[in-house]
Amino acid sequence: MKETDLKDLLKDMSLEEKIMQLVQLPGWVFQGDAAVTGLAEATGSERAKMLAGSTLGLWGADRIKALQDAHMKNQPHHIPMLFMLDVIHGHKTVMPCPLGQGATFDPDTVKKGAEVQAKEASADGVQVTFSPMADLVRDARWGRVLESTGEDKYLNSRLVAAMVEGYQGEDPKDADHVAACVKHFAAYGGAEAGRDYTNVELSEHTLREQYLPGYRAGIDAGAKLVMTSFNTLNGIPSSANKWLMRDILRDDMKFDGVLISDWAAIAEIKNWGLSEDFKEASRLALEAGVDIDMCTDCYQNNLEDLLKEGALKEDLIDEAVMRVLKLKNDLGLFEDPYHGADAAKFEKLALSKEHREVARDAARKSFVLLENKNDALPLKAKKLAFIGPYVTDRNLHSTWAISCDENHAISLETAVKELYDGSDVECRFAVGCEMLEDGTELSRETFASKLSDAEKEALLKEALEAAKWADEVVLCLGEDICQSGESTSRVSITLPAPQLALFQEVVKVAKKTVTLIFNGRPLELDDISKKTDALLVCWRPGTEGAHAVTDVISGKFSPQGKLPMSFPYTAAQAPVHYDSYNTGRPKPTEGPSMFTSRFLDCPNEPRYRFGYGLTYSKFEVSAVKLSAEKLEKADAAGITATVSVKNVGNAEATETVQLYIRDMVGSRVRPVKELKGFEKVTLAPGASKEVSFKITEDMLRFWTMNNCFESEAGKFKVFVGLCSCTENAAEFELI
Ligand code: GLC
């Protein structure tokens, strides 16, 4: 439809019709089995169902077509409804969780994964996905770090943009693509104490420098929607925050797409205490520019009265409705209300060999090798024991893979049997313990043990016998799938007690142990790291996770992942992140540290740092060579930092060469390092390659005391290495 036709349509709509375009009903009011991802009890009267502008939580090509037909038949102007769904890291074929995707440091891989998700979801009737989550995270207590790509603004920006490009393609009207929704605006990851849905206290410069770039990258990549966040930012609930939504999002970031509230977030303006009632909450939200009210009755019950009372202008409603109609038009729904829905196409696409291979490749690239003493990995022995709950548990996806089914995944046991079938390698398998301790609180229920003490004893006995028999033991441990994701904040980020107990017993009798960790967040692994020979973080690896694990532990593929988020010694270190300030009393790397910035009982640094990860080989990086020692602000060509990278090990491997920059002096203090570039390099043993990074003035800008982004002349340090801990540096001056 042409823009002018949309305007004519808007003019012709009744006030009730317009208001209902701003209402999103939960899918269950249409069909009982819709996904439940929120609390509100939004009512779905027959009238509301007839006029609602959108719904969420439904999928299935034929049923969505039928729902669309029914809706358009009754809608006075036959306006199609939008069908939205959380396709966060997979619809049927599930990719690694976003934090695992962050560990790939590979935008192309991430984009490919998003393309697969969009193809499957669109064929299954979905038109909008509530992804990517662009929230920067620094606190492993927060369960939603699972859905983020980590603690660094540059990495987040690159990967968020890749996801938007993958979901939307050149044009989301295309049947293989869906509209993307960047969330949660803004700074939801800064939740106080790592507890979900709390306040976020941020200075403007930290908000602008650290937390906003990820969202901006998604918007610059063309995301059609943005979602508000549950948190207050400095005391103002995001859905009512006019400064954030109008000045920053609309004016500064030039976002002109649809702004949708998070689930019930408009009603929660009242719970926060910013309004006395839902009517005032509705007024504040519309004034702030929130176009769609997700799953509450606020807009549908209050906007008309607010207009009548003169508390709101109809222009605001028209502005919001026009954005919703434009989104529908951008998706081509006025011409083809089914968009990409096609059951036959979906049957062919879902979980296809090609899609599974994309998921398997992404999972392999996401694994981070933290320890590999005496090259314990890849496995070499002929007698192997696989021990732990993840030997058989197929929940390798996450609670945000709401439309997938663990039956589409295979267990590690099955993958290992496939791998060694017909070989001279003998394997034994033992679960060894339950996933969790009895009474463990999970996101939706409390875990109740199903085993007697005798049965637990028997599991342990079987595991220890296998451990004694084997020449190498692979421990398959991790968080339960329901221990990370929304509303799963934890003050203790250790493995579950039964698994820690199993680990301690197995390492006493095993000749050699490899420990695999399946996790949705950084965990406390210090003690494990000291006692195991190899330690591989596998995240929530998705549908092909088990195959990806066997690809790596067998040596077919070397691990190449790098930590997208610091792993603390303890949750009590939170927030811990590599790009911190130097402090006025930096703790010396050796010698006495009295009267310096430190803990008496814990190092300042995390146990494993951002950007860290081993391979099956060894790479050396030469000293940093700069093309010039001075960079003129006006010089668009910039200067170049070059290193030579050499594989001095004996296996082909892929390393991620990272560029960090430190602004030595600023009108406000600057982080000791900031990631400004990365490049993956695959080298055969003995091979080497030059890697160059261009440094331009715009990369050096920050939010100065002039309250604007600008660079400041002075000295800068350039680091190039294989981890944020690198001290391989050179200096230049900006003039
Ligand atoms: C949830 C989440 C948000 C999700 C939305 C719709 O509460 O916060 O990430 O997209 O509701 O399911």
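Kindly check whether there is at least one residue in segment 171-178 that is of a type in the set (D, E) and buried (at least 24 other Cβ atoms within 10 Å of the Cβ).
First, pick out the residues of segment 171-178 that are of a type in the set (D, E): 171, 174, 176.
Imposing the further condition that a residue be buried (at least 24 other Cβ atoms within 10 Å of the Cβ) reduces the set to none.
No, the conditions are met nowhere in segment 171-178.
Of the residues N271, N231, the single one that is surrounded by fewer than 19 Cβ atoms within 10 Å (Cβ to Cβ) and within 16 Å of the ligand (Cβ to nearest atom) is N271.
In the list V507, V549, V491, which residue meets the criterion of being among the β-branched types (V, I, T), surrounded by fewer than 23 Cβ atoms within 10 Å (Cβ to Cβ) and not in a loop (DSSP other than H, G, I, E, B)?
Working: V549 fails: surrounded by fewer than 23 Cβ atoms within 10 Å (Cβ to Cβ); V491 fails: not in a loop (DSSP other than H, G, I, E, B).
Within the list V507, V549, V491, the selection yields V507.
Screening K183 on (1) in contact with a helix residue (DSSP H, G or I) (Cβ under 8 Å, 6 or more places away or on another chain); (2) within 14 Å of the ligand (Cβ to nearest atom) shows it passes everything except condition (1). The helices (runs of 4 or more DSSP H) found entirely in segment 23-134 that carry 1 or more residues being within 15 Å of the ligand (Cβ to nearest atom) are 98-104, 107-123. Restricted to segment 135-150, and to residues that are away from the ligand (no atom under 13 Å from the Cβ) and of a type in the set (G, A, S), which residue is farthest from A191 (Cα to Cα)? Among those that are away from the ligand (no atom under 13 Å from the Cβ) and of a type in the set (G, A, S), it is G150.
Looking only at segment 236-256, which residues are within 16 Å of the ligand (Cβ to nearest atom) and under 15 Å from A320 (Cα atoms)? Full working, then the answer.
Within segment 236-256, the first condition is being within 16 Å of the ligand (Cβ to nearest atom), and the residues that meet it are 237-239.
If the condition is that a residue be within 16 Å of the ligand (Cβ to nearest atom) and under 15 Å from A320 (Cα atoms), then S239 is the only one that fits.
Confirm whether G289 is crowded, with 17+ Cβ neighbours inside 10 Å and closer than 25 Å to I64 by Cβ.
On the way: crowded, with 17+ Cβ neighbours inside 10 Å: yes; closer than 25 Å to I64 by Cβ: no.
Spelling it out, it is not the case that G289 is crowded, with 17+ Cβ neighbours inside 10 Å and closer than 25 Å to I64 by Cβ.
Count of segment 391-407 residues, restricted to those that are in a helix (DSSP H, G or I) and crowded, with 19+ Cβ neighbours inside 10 Å, is 1.
Residues checked against (1) in contact with a strand residue (DSSP E or B) (Cβ under 8 Å, 6 or more places away or on another chain); (2) without any contact (Cβ under 8 Å) to a residue 12 or more places away in the chain:
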| residue | (1), (2) |
| --- | --- |
| R47 | no, yes |
| G53 | yes, no |
| A66 | no, yes |
| L82 | yes, no |
| G100 | no, no |
| F105 | yes, no |
| A121 | yes, no |
| D135 | yes, no |
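So how many residues does segment 706-735 have that are without any contact (Cβ under 8 Å) to a residue 24 or more places away in the chain and over 17 Å from V672 (Cβ atoms)? It would help to see each step written out before you state the result.
Of segment 706-735, the ones without any contact (Cβ under 8 Å) to a residue 24 or more places away in the chain are 708, 710, 727.
Right, trim to over 17 Å from V672 (Cβ atoms) and you get 708, 710.
Total satisfying the criteria: 2.
Test M1 against the criterion of being at pLDDT below 95 and away from the ligand (no atom under 16 Å from the Cβ), and give yes or no. Judged against the criteria, M1 is a match.
Filtered by the rule that a residue be over 16 Å from the mean Cα position of the chain (by Cα), closer than 28 Å to S667 by Cα and surrounded by 16 or more Cβ atoms within 10 Å (Cβ to Cβ), segment 187-201 gives a lone residue, V200. On the stretch given as segment 130-148, residues that are hydroxyl-bearing (S, T, Y) and in contact with a Phe, Trp or Tyr (Cβ under 8 Å, 6 or more places away or on another chain) total 1.
The values are calculated or read from the model by the stated rules, or taken from the named source; none is laboratory data. Everything numeric here is computed off the predicted structure, so don't read it as measured data. Here Cβ is always computed from backbone atoms with ideal geometry, including for glycine, and neighbour counts include all displayed protein chains.
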